[in-house]
Amino acid sequence: MSASSKKKLRNEQKTAKMTEKQVAEQKEARKLTLYTTVFVVVLAVMLVSAIAIGVTRSISNSGVRERNTVALTVGDHEISNAELSYFYMSAINNFNSSYGSYAAMLGLDTSKPLNEQTVSSDSDLTWADDFLNTAKDNARSIYAIADAAEAAGFTLSEDELAEIDSTMSNAKMYATLYGYSSTKDFLKAQYGNGATEESYKQYVTLNTLANAYYNSYSSSLTYTDADLRAAESENYNKYSSFTYNTYYLAVSKYQTDEVDADSDEAVNAAKEAADSLVGEDIATVEDFDAAIAALDVNRDTEASSTAYTDQLYSSVSATVRDWVTSSDRKQGDKTVIANTSTSTDDDGKETTTTLGYYAVFYTGSNDNTFPLVNVRHILVKFEGGTTDSTTGTTTYSDEEKNAAKEKAEEILDEWMSGDATEDSFAALANEKSDDGDGTTGGLYENVYPGQMVSSFNDWCFDESRQSGNTGIIESEYGYHVMYFVGKSDTTYRDYLIENELRSADTQEWYDATVEAMPMTDGDTRYIRKDLVISAS
């Protein structure tokens, strides 16, 4: 599944849930509220009575048309305008939450109706239709995966069903909290006149089912050691990590009143300066940084290189990746790499422009053959706190933090005064931890570097860590009572290879499943294409 496809699938469930922040913004700041443009129609001859006008308005506000007009057909499913509106509003809210004030950089004026502006100057596609196309694609994929789940006899767990009920309860709570007369009115304000509690719950359930089955299918895929070694043989370094330093010299640094930024003189000056950073006398990172600081353009500054430690292959900048990850790279190697851009004019002629140069100092690599770890923990969350109404960030006083720490220490003391075994720790975790569902004993298996918050990660991967070690650490969530189970049979390297194979195979299955789902456009006249994302 591609990054964009994954985001589409997973965010459908996420955005189906009304968070308090979303509701507050709608109520207070109106940042996410979408307003319909009012068009005034002047009739030359009034032939309808006030009663008839009242009936028309009643029908319009009731949502009958939205619920009974087919907007899209996917497979055997006829999706009404009301149902497609859930996907449509989700697409808009996803965009708004992802880009917010940066929307203008993508060409969207959030103060104007979506159907009155195109996505680009050379396109007739309006933003409304662009979001509608996204909604259609999302609906197709969700229904396709949900159908596959039903065909496989897959059912939702009790926890997933409870999460759906919680989402509906939250909608009801927010409706009351923010002054709506009913949950239905709250949903109508979010998704349009056709929204109902029943159809919204169906939408949430559908997304939950598709998301759960996608994850279940992906997790069910297994690979042999031969599979892993075969994948590894194609590019060994692809699953390694690399440590190096870089410094970027932009050609524009050498622009003066007499020298243009894109002139040969400026390019040559930048190249000469970059070359001076990788000379034979540069033997260490300290030498590298000293040479950077000594450059004329860095006079009176504290310029130095940027260090990259244990960067996975995929995280290494594409500009320097081939050089950094080369199989013949050795500690202390250094080079200069040009950063260029290519443009094509109306006649098809390409022009390459040098924007600057990267000076790179290579320190070493890690083949990631170390084992993952298994650990148990008991989380004691901070209680109380003060939440910033603007950012939503909650801060805790020293007293509140100390209270959580004392509770964590009491739990550890209780465990130590008993059997002090892994089983007794697991039992305490089920009883006292604020993390998990009380059935897993606080166990995290195959934890990989960077998966957890830094304090948790550092404790787990401390070189001195031994099975049976315990400790207490602080994180942004509270205090964690830790128990180190031991090292896993799986190495980080094999985890990376298997994860890539699983991702590719899941993507292939996903694409084929969605592609097999036929889709036919219907009548979308009742989709609110004239929405405005923010009030002017």
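Before moving on, here are some points about what is shown:
- Alpha carbon convex hull of region 127-192, projected area averaged over orientations, nm²: 6.1
- The figure for Arg329 is an accessible area of roughly 50 square angstrom, using a 1.4 Å probe on the protein chains alone.
- Gap separating the Cα centres of region 137-212 and region 295-325, nearest whole Å: 46
- Cross-linked pairs Lys201/Lys401; Lys201/Lys432; Lys136/Lys188: Cα-Cα separations exceed 27 Å for Lys201/Lys401; Lys201/Lys432.
- Heavy-atom accessible area, probed at 1.4 angstrom with all protein chains present, ranks Leu72, Leu501 as Leu501, Leu72, highest first.
- In the complete set of protein chains, residue-level accessible area for Val316 is approximately 0 Å², probe 1.4 angstrom.
- Per residue, the solvent-accessible area of region 92-217 (1.4 Å probe, heavy atoms of protein chains only, all protein chains present) comes to 47 Å².
- Annotation for Thr470 and Thr256: the two label points, set 7 Å from Cα along the Cα-Cβ direction, are 7.0 nm apart.
- Carbon/sulfur fraction of accessible area - the chain, other protein chains in place, 1.4 Å, %: 46
- Simple label model, 7 Å out from Cα along Cβ direction - Ser327 to Leu106, nm: 4.1
- Per residue accessible area of region 467-536, 1.4 Å probe, in Å²: 49
- Along the chain, longest interval not containing exposed GluC sites (Glu not before Pro), exposed being DSSP loop plus at most 15 other Cβ atoms within 10 Å: 1-257
- Overall form of region 465-536 per C-alpha gyration tensor (a/c, 1.5; a/b vs b/c): oblate
- Region 142-261 shape via C-alpha gyration tensor axes, a/c threshold 1.5: oblate
- Gyration tensor verdict on region 71-215 (Cα atoms; rounded if a/c is under 1.5, prolate if a/b is larger than b/c, oblate otherwise): oblate
- A 1.4 Å probe run over the protein chains yields, for region 256-353, 66 Å² of accessible area per residue, whole-number rounding.
- For the chain, the fraction of C-alpha pairs farther apart than 39 angstrom is 48 percent.
The values are calculated or read from the model by the stated rules, or taken from the named source; none is laboratory data. Nothing here was measured: the structure is a model prediction, and the numbers come from that model. Here Cβ is always computed from backbone atoms with ideal geometry, including for glycine, and neighbour counts include all displayed protein chains. When the accessible area is computed, the model is the full protein with side chains, heavy atoms only, and any ligands, DNA or RNA have been set aside. Shrake-Rupley method; radii C 1.70, N 1.55, O 1.52, S 1.80 Å.
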